[in-house]
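The values are calculated or read from the model by the stated rules, or taken from the named source; none is laboratory data. Small disclaimer: the values here were computed from a predicted structure and weren't measured. FYI the Cβ positions are ideal-geometry reconstructions off the backbone, even for glycines, and counts take in every protein chain you see. We work out accessible area using only protein heavy atoms, side chains counted, and drop any ligands, DNA or RNA first. Shrake-Rupley method; radii C 1.70, N 1.55, O 1.52, S 1.80 Å.
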Amino acid sequence: MDTIYIEREIANHTRVEGIVARFPKARCIHIERYTDVFNAPHQNFRVQKANPALILAKKYGKHVLPTPPDYHIGGKHNYYFSHMLNCVYDCRYCFLQGMYRSANYVVFVNYDEFFDSIKKTSEHHEEPSWYFSGYDCDSLALEPMTGFISSCIDAFETMPKANLEIRTKSTQVRSLLSRPAIDNCVIAYSLSPSGIVKSEEHKTASLEKRISALKSLQHHGWKIGLRFDPLIKADNFESIYHDLFKNVFDALDVAKIHSVSIGPFRLPRPFYKRMIRLYPESSLLAQDMNLRDGMLSYDTQTESTLLNYCEEQLDKYIARKQYFPCVSVP
Amino acid sequence: MTSICIVTALPAEAKPLVAYYRMRAVQHPYLKLYEGSECMLLQCGVGKLTASAAVAATLQCYPAIKAIVNVGIAGAELPIGTKVLAHSVHDKASGQTWYPHLPPINQTKLTKTVELITVDQPDSDYTEQCAFDMEASGITVAACKTLDLSFVQFLKIISDNSEQGIKGITKQGTINLIESAITDVQDLVNAIPLQLLPSTSDVDTIINLLVQKIHFSQTQRHTLKRLLLRYKALLGDLPTQETLQQQKTADLTIDYLATALSNAKVRYLA
């Protein structure tokens, strides 16, 4: 990390001091609010992605937000939260490229306020509620630096009515393997065929390493989830997804998998327009897309073909109760 | 045509850079411009309004310019000759602030960064964290009409502080200060990440040639560009000029490309 912007208000926060100490050569720049840098106009996401700065900030306002209607894994009350904005990975299909002007990473250091908010929200419901981490970032990728997930799990241990999903592509699982698993937490991996990982999910761990991390976590007692999302169109779609499912399910104790979901490729139109300007050479973004209800997606027939094929394949491996189609969009 | 334009306010700031980059004066009725093989130089004059107008005019005349590097002297409570990068540019009069995206730390020896405050009149309220100049905010306003803040950088050399005030600045002293920063200027120019910008020049070239033969409306030109970019992304190369000209009309050309794209195959490795 070359450049660290720090909000003046939290400059003396112990977490800020800890994070800054990891980067002794970084330029530290004090700012008033993270939005001054992060939301400023005239930024280039693609260029910043090659050398992103870190912005340490305090989160104000709502720390926990309701998920879109179909974004769930069986729970009735579903929320998401983002201790971080932006992702260390560079997946060509990711909506963050179109949503944010900046590729800099924002880390909110007032973790306890997230946990307080989650606690209050969960107490508001009589039934169990779900909290999804990894919506605007990868939950685990910067864990060695932030320690957020460790703190988060500590907090969820005290909230049995609240369930946590940690969504990730990262294999930084040391902190999870060094503690006992807790019952109200699912570690969910986003998975794609190996060829798509190599071509489109830049800077991510290989499929093999993700499967290996899943095995270790499952063996350690963690509940695991599999997220085949988004489904990417290809002429050899059936073959690559067939291989993906086989490799994943052969490696895991299928009966113990908490949940499996699939999701179609969809992007809000303004995000898509920004993304094709940033990456005109991307073959993934250059494919035929249809505009439906303000969203760019594959045509309905292609989308159905992809979803139907994957559901057929999943039927061979998992029970229906483990399956949650996720057709929600960012 | 070079892609980077160095901007200085004073002739004494320009002189060592013109010499180092072996630049030659460009004939222009109003702008003081120099061109070399690596970069251009604009000597914009003193003050943010003058600087803004000159930078805007230069970018209008030379759309191939993709980055602006402002090099000049500034005041701060730092030793004379200290070289600093601006991590922010603040216009004192308007209160507006911009944050240039700084280059990787391993590509420049400039470790000291400051808030660069653009003032309308020379200021001597020196501090270590801020430097004063009279052009940066004007340059930023103009540059940001066409460029992103990864491509607008400010390198300042401290010329005055509380011990040696602004009256101590001389022409030769300024030349010496800029000469002392030449390596840093070169490093900064080299660190500008032009290679990360997507290139669509081949598509633009093919469109410019095609529209000389076939009439395209503005909407059709826009469609044509998107189709050609998709064509290249999916099929690996662009269609030849001859193939496109054979289509005779704009509609037929667009149909031809759309059909080719609908048949394009995308495969991923197993």
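Below, the figures for the structure above:
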{"quantity": "Percentage relative contact order, chain A, counting C-alpha pairs under 8 Å, at least six apart", "calculated": "16"}
{"quantity": "Förster radius 25 Å - calculated FRET efficiency between residue A:290 and residue B:217, Cβ distance, rounded to 0.05", "calculated": "0.55"}
{"quantity": "Helix B:201-213 axis, angle to chain B major axis (alpha carbon atoms, nearest 10°)", "calculated": "50"}
{"quantity": "Exposure rank, largest accessible area first [A:198, B:167; 1.4 Å]", "calculated": "B:167, A:198"}
{"quantity": "Between helix B:11-20 and chain B: long-axis angle, C-alpha atoms, 0 to 90°, nearest 10", "calculated": "60"}
{"quantity": "Rg/Rh (Cα only; Kirkwood hydrodynamic radius) as it applies to the protein assembly as shown", "calculated": "1.02"}
{"quantity": "GNM flexibility winner over chain B from B:186, B:107, B:220 (Cα, springs under 10 Å)", "calculated": "B:220"}
{"quantity": "Pairs of alpha carbons in the range B:153-270 whose separation is greater than 18 Å (percent)", "calculated": "66"}
{"quantity": "Chain A shape via C-alpha gyration tensor axes, a/c threshold 1.5", "calculated": "oblate"}
{"quantity": "Inter-label distance, nm, simple model (7 Å from Cα along the C-beta direction), residue B:195/residue B:127", "calculated": "3.9"}
{"quantity": "Shielding by partners, peptide B:228-234 (average Cβ within 10 angstrom, other chains)", "calculated": "5"}
{"quantity": "Net +/- balance of residues flanking residue A:117 in space, Cβ distance below 15 Å, scoring K and R +1, D and E -1", "calculated": "+2"}
{"quantity": "Neighbour-limited loop hits for GluC sites (Glu not before Pro), the range A:125-189 (at most 12 other Cβ within 10 Å; DSSP other than H, G, I, E, B)", "calculated": "A:126"}
{"quantity": "Alpha carbon convex hull of chain B, projected area averaged over orientations, nm²", "calculated": "18.5"}
{"quantity": "Chains A and B together, accessible area buried on both sides, 1.4 angstrom probe, square angstrom", "calculated": "3200"}
{"quantity": "Alpha-carbon centroids, the range B:71-125 and the range B:144-208: separation in whole Å", "calculated": "12"}
{"quantity": "Filtered GluC sites (Glu not before Pro), the range B:59-168: DSSP coil and at most 14 other beta carbons within 10 Å", "calculated": "B:128, B:163"}
{"quantity": "Per-residue average of Cβ from other chains inside 10 Å of A:275-286", "calculated": "5"}
{"quantity": "Principal-axis tilt of helix B:218-235 within chain B, Cα atoms, nearest 10 degrees", "calculated": "80"}
{"quantity": "Sulfur and carbon atoms: percent of accessible area, chain B [1.4 Å]", "calculated": "51"}
{"quantity": "Inter-label distance for residue B:172 and residue A:158, nm, one decimal - labels placed 7 Å from Cα along Cα-to-Cβ", "calculated": "7.2"}
{"quantity": "Charge context of residue B:46, other residues only, Cβ under 12 angstrom, K/R +1, D/E -1", "calculated": "-3"}
{"quantity": "Förster-model FRET efficiency, 45 Å R0, residue B:248 and residue B:30, C-beta, rounded to 0.05", "calculated": "0.50"}
{"quantity": "Accessible surface of residue B:174 - all protein chains present, 1.4 Å probe, nearest 10 Å²", "calculated": "10"}
{"quantity": "Surface per residue (accessible, 1.4 Å probe) for the range A:3-325, Å²", "calculated": "40"}
{"quantity": "Sparse-neighbourhood loop sites, chymotrypsin sites (Phe, Trp or Tyr not before Pro) in the range B:182-270 - DSSP loop, at most 14 other Cβ within 10 angstrom", "calculated": "none"}
{"quantity": "Taking the convex hull of Cα positions in the range A:90-133, its mean projected area over all directions (nm²)", "calculated": "4.7"}
{"quantity": "For residue B:166, solvent-accessible area (1.4 Å; no DNA, RNA or ligand), Å²", "calculated": "90"}
{"quantity": "Partner chain coverage, peptide A:191-198 - average Cβ within 10 angstrom", "calculated": "2"}
{"quantity": "Reduction of at least 40 Å² in accessible surface, 1.4 Å probe, comparing all protein chains with the chain by itself, residues of the range B:238-270", "calculated": "B:266, B:267, B:268, B:269, B:270"}
{"quantity": "Net charge, residue B:20 excluded, C-beta distance under 10 Å - Lys, Arg +1, Asp, Glu -1", "calculated": "0"}
{"quantity": "Nearest-0.05 FRET efficiency for residue A:198 and residue A:246, computed from C-beta distance (R0 25 Å)", "calculated": "0.90"}
{"quantity": "Anisotropy class of the range B:201-262 from Cα gyration tensor, a/c 1.5 cut", "calculated": "rounded"}
{"quantity": "Per residue solvent-accessible surface (Å²) - the range B:201-262, probe of 1.4 Å", "calculated": "56"}
{"quantity": "Top of B:105, B:254, B:157 by mean-square fluctuation, Gaussian network on chain B, Cα under 10 Å", "calculated": "B:254"}
{"quantity": "Computed [θ] at 222 nm, helices only, for chain A once each DSSP H run of length n ≥ 4 contributes -39500 (n - 2.57)", "calculated": "-10500 deg cm²/dmol"}
{"quantity": "Selected from A:122, A:206, A:282 as most flexible by GNM, with chain A as the system and alpha-carbon contacts under 10 Å", "calculated": "A:282"}
{"quantity": "Pairs beyond 18 Å (Cα-Cα), from A:76/A:321; A:246/A:316; B:83/B:112", "calculated": "none"}
{"quantity": "Linear extension gain, residue A:62 paired with residue A:182, 0.36 nm per residue minus alpha-carbon span", "calculated": "40.6 nm"}
{"quantity": "Fraction of accessible area attributable to carbon and sulfur, the range A:3-325 (%, probe 1.4 Å)", "calculated": "48"}
